[in-house]
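Working notes, beginning with the structure itself.
The values are calculated or read from the model by the stated rules, or taken from the named source; none is laboratory data. Quick caveat: nothing in here was measured; it's all calculated off a predicted structure. Note that each Cβ is placed from the backbone with ideal geometry, even for glycine, and that neighbours are counted across all protein chains shown.
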Amino acid sequence: MTSNTDTDILAIETSCDETAAAVVRNGREILSSTIYTQIAMHTVYGGVVPELASRKHIEKINAVIEKALADAGLALDDIDAVAVTYGPGLVGALLVGVAEAKAIAWASRKPLIGVNHIEGHIAANYIEHPDLEPPYLCLVVSGGHTHLVVVRDWAEFEILGRTVDDAAGEAFDKVARAIGLGYPGGPKIDAAAKAGNAEAITFPKAKVNGSAYDFSFSGLKSAVLNYLNHAEMTGETVSPDDLAASFQKAVVDVLCEHTMLAAEECGIDRIALAGGVSANSALRTSMERACESRGMKFYVPSPVYCTDNAAMIGVAAWHEMRAGRFSGWDLNAVPGLKLGER
Ligand code: KG4
Ligand code: ZN
């Protein structure tokens with residue numbers, strides 16, 4: 001039952017290869033979260049094919065929204081606002097969600113709320129951690145972004161560091177392809193690494209000129225490729241599990257080191273993780289240990305809220321709504337939208 005004081009938001013997410021819808025009550029309670037993953041379709045091509053992603057979104061979006069409403073036990077009339085990811089992401093994929101949300105909001109006379117996908121990932125932390133409030137430090141690691149951010153206020157972000165080349169998730173995906181583990185790389189490397197020895201191969205730590213908090217992963221990717229080429233030339237056998245574990249350790253170590261350095265230098269003792277790569281078991285464990293040993297509080301969403309979903313978009317939308325920020329009928333997809341940008 002919807003009480004008069006409840007605010008129920010229907011949220012839509014189609015920025016990449018998941019067609020997702022959710023109903024979120026009062027910014028924290030997930031009444032439903034439906035995700036249609038296109039992974040099987042893209043696996044054949046070894047990565048996301050943007051045009052196929054858009055076409056699949058348009059095919060699935062209505063059924064996904066219908067299921068989200070049914071699971072929540074609500075009709076469209078009960079919904080207070082319609083939220084949608086409008087960037088960053090694949091333009092054709094974003095446009096499907098934006099057009100759908102506009103059509104629903106317009107036809108049902110509900111307010112429309114455009115949400116920044118990266119802010120959605122950060123907001124995923126509020127779902128299961130009601131005590132988490134700004135300010136805190138958040139490491140955002142996804143397929144397209146790697147940001148070390150101070151969340152100063154609900155919609156105020158200070159970026160301390162970012163990747164100067166590949167995103168962390170991109171590095172996982174590229175290395176998985178090179179080792180022959182296939183797509184999607186992150187979960188495959190995570191699983192293979194469990195059977196491997198992380199100390200087997202020492203990969204160099206990337207040095208970045210500029211901010212001490214910036215990241216670089218393309219050198220590490222090259223080091224893995226060089227290692228494989230060298231092994232092939234000399235006839236050495238390579239254990240994919242050891243390679244996966246050693247590569248993963250190199251990524252996790254640098255992510256943890258920079259985060260701890262930033263936390264200590266900024267005097268922040270609450271650390272959160274966000275984005276698809278925060279589903280990584282080694283990263284979750286290492287970051288938790290690093291925080292514990294320094295007396296810092298550690299927050300991370302459940303894996304299902306780390307990778308793309310619409311529940312996190314509904315949570316972020318609720319904070320937009322509270323601040324009185326709504327979108328006009330001219331809302332458009334912004335594929336290169338930056339964190340904190342409106
Ligand atoms: O946040 P997300 O679902 O989509 C973007 O906004 O990019 O992140 C997807 C990325 C992919 O690169 C995927 O390989 C990575 O997150 N990922 C993981 C794991 N699960 C997903 N990386 C490492 N370990 C995982 N368990
Ligand atoms: Zn994402």
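Of all residues in segment 107-140, which are within 16 Å of ligand 1 (Cβ to nearest atom) and of a type outside the set (A, V, I, L, M)? Of everything in segment 107-140, those that are within 16 Å of ligand 1 (Cβ to nearest atom) and of a type outside the set (A, V, I, L, M) turn out to be Asn116, His117, Glu119, Gly120, His121, Asn125, Cys138. In segment 295-342, how many are of a type in the set (Phe, Trp, Tyr), touching an Asp or Glu at 6+ places or on another chain (Cβ under 8 Å) and buried (at least 22 other Cβ atoms within 10 Å of the Cβ)? Qualifying residue count, segment 295-342: 1. Residues in segment 71-109 that are small (Gly, Ala, Ser), under 16 Å from Ser32 (Cβ atoms) and not in a helix (DSSP H, G or I): Gly73, Ala75, Ala81, Ala83. A single entry from Gly182, Gly169, Gly186, Gly143 fulfils the requirement of being within 16 Å of ligand 1 (Cβ to nearest atom) and at positive phi: Gly182. Test Glu119 against the stated conditions and say whether it is crowded, with 21+ Cβ neighbours inside 10 Å, out of contact with any strand residue (DSSP E or B) (no Cβ under 6 Å at 6 or more places or on another chain), of a type in the set (Asp, Glu) and farther than 15 Å from Ala11 by Cα. Taking the combined requirement at face value, the residue does not satisfy it.
Yes or no, residue by residue, for (1) over 29 Å from Ala206 (Cα atoms); (2) modelled with pLDDT of 95 or more; (3) in the same structural domain as Leu243 (by TED's automatic domain parsing); (4) basic (Lys, Arg):
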| site | (1), (2), (3), (4) |
| --- | --- |
| Ala99 | yes, yes, no, no |
| Ile104 | yes, yes, no, no |
| Asn116 | yes, yes, no, no |
| Glu119 | no, yes, no, no |
| His147 | no, yes, yes, no |
| Val150 | no, yes, yes, no |
| Ala178 | no, no, yes, no |
| Gly182 | no, no, yes, no |
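Looking across segment 314-327, the residues that are assigned to a loop (DSSP other than H, G, I, E, B) and touching a residue at least 60 places away in the same chain (Cβ under 8 Å) come down to Ala323, Arg325, Phe326.
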